[in-house]
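In what follows, a structure is listed as structure tokens, so that the remarks can point back to it.
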């Protein structure tokens, strides 16, 4: 089983070109974590010695175990996705004759709207870094870029200096599935990035050479984990009483664009979403914005509002 799993991970990495994030999650889902048994561990405890013995009854038992452990529906759905992907690989390699999970449905997920920062909160966060230091210049440019371009933290961490064009305010981004797209940034982000490239980055790099856009104090590429910790630090400095994480800035980017009247298809393109349904979750304009649109668009609402003012 371990040898088959190792070959599957190699297949994900090399042939499917899955992101490190996907590989890491699928590995945890199949092998398990400290608190929750993975699918393979569960099979071993059930006495299942062959992959051909995995049927719908085994899968139902595993789902029941996850629910008993209080695992969230979204996590259960992801674990089923990992098992489904693994079974497709086994079918492809001829190791099983049919997949038991093709007729096993994922639990229905509760629809949750993504969190986002208000414009005022976003402004406070961007002003938190100390621009008199190279690290502060880097952090300001990094947060400006996350918010201005709406890119994923994995895309940001993998950026090289050659992917940035300050003449056109564009960034070439390699997204999921190695799909390339052009992300845009406004003048504030471009100015912060220009200052970092001309002042902050050379000081952080010292005598080292490298192509990474965002580097740490030792001139090495900044990790996703470091970006996460950095955002949490600035959230505290900015007095923002919310859980701040890199993807929250992507949510904020999309929400503010739609609140400003941007077309949904344009936002989809900028986010790099393959399906429009992924972008539609951001259609939750604030009540104040919804009121403005309503009062400006509905003639009777305008008249009523004018009467109230009189």
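Side notes on the structure shown:
- Our analysis of region 119-287 gives Rg over Rh at 0.95, with the two radii drawn from alpha carbon positions and Rh computed by the Kirkwood formula.
- Simple label model, 7 Å out from Cα along Cβ direction - residue 98 to residue 264, nm: 3.9 nm
- Relative packing of 44-56, 158-170, which averages over residues the other C-beta atoms within 10 Å, highest first: 158-170, 44-56
- Computed extension length for residue 245-residue 81: 56.6 nm, one decimal, from 0.36 nm per residue of separation with the Cα-Cα distance subtracted.
- Stokes-Einstein D for region 49-101, Kirkwood Rh over Cα pairs, 10 °C, 1.306 mPa s (µm²/s): 135 µm²/s
- Taking each residue as 0.36 nm, the span from residue 182 to residue 229 lengthens on full extension beyond its C-alpha to C-alpha distance by 14.2 nm.
- When you work out D = kT/(6 pi eta Rh) for region 1-51 at 37 °C and 0.692 mPa s, using the Kirkwood radius from C-alpha pairs as Rh and the Stokes-Einstein form, the result is 283 µm²/s.
- Here the translational diffusion coefficient of region 2-92 follows from Stokes-Einstein with Rh set to the Kirkwood radius across Cα pairs; for 37 °C and 0.692 mPa s it amounts to 243 µm²/s.
- Where a label projected 7 Å from the Cα of residue 72 along Cα→Cβ would reach, residues of region 228-250 with amide N under 14 Å: 243-245, 247-248
- Projected onto their three principal axes, the Cα atoms of region 128-213 cover extents of 36, 27, 23 Å, largest first.
- Listed peptides 119-128, 200-209 appear in the order 119-128, 200-209 once ranked by packing, highest mean of other Cβ atoms within 10 Å at the front.
Taken together, the values in this text are just the output of simple stated rules run on the coordinates, not laboratory data. The shown structure was predicted, so the numbers you read here are calculated from the model rather than taken from an experiment. With ideal geometry, Cβ positions are generated from the backbone for all residues, glycine too; neighbour counts draw on all protein chains shown.
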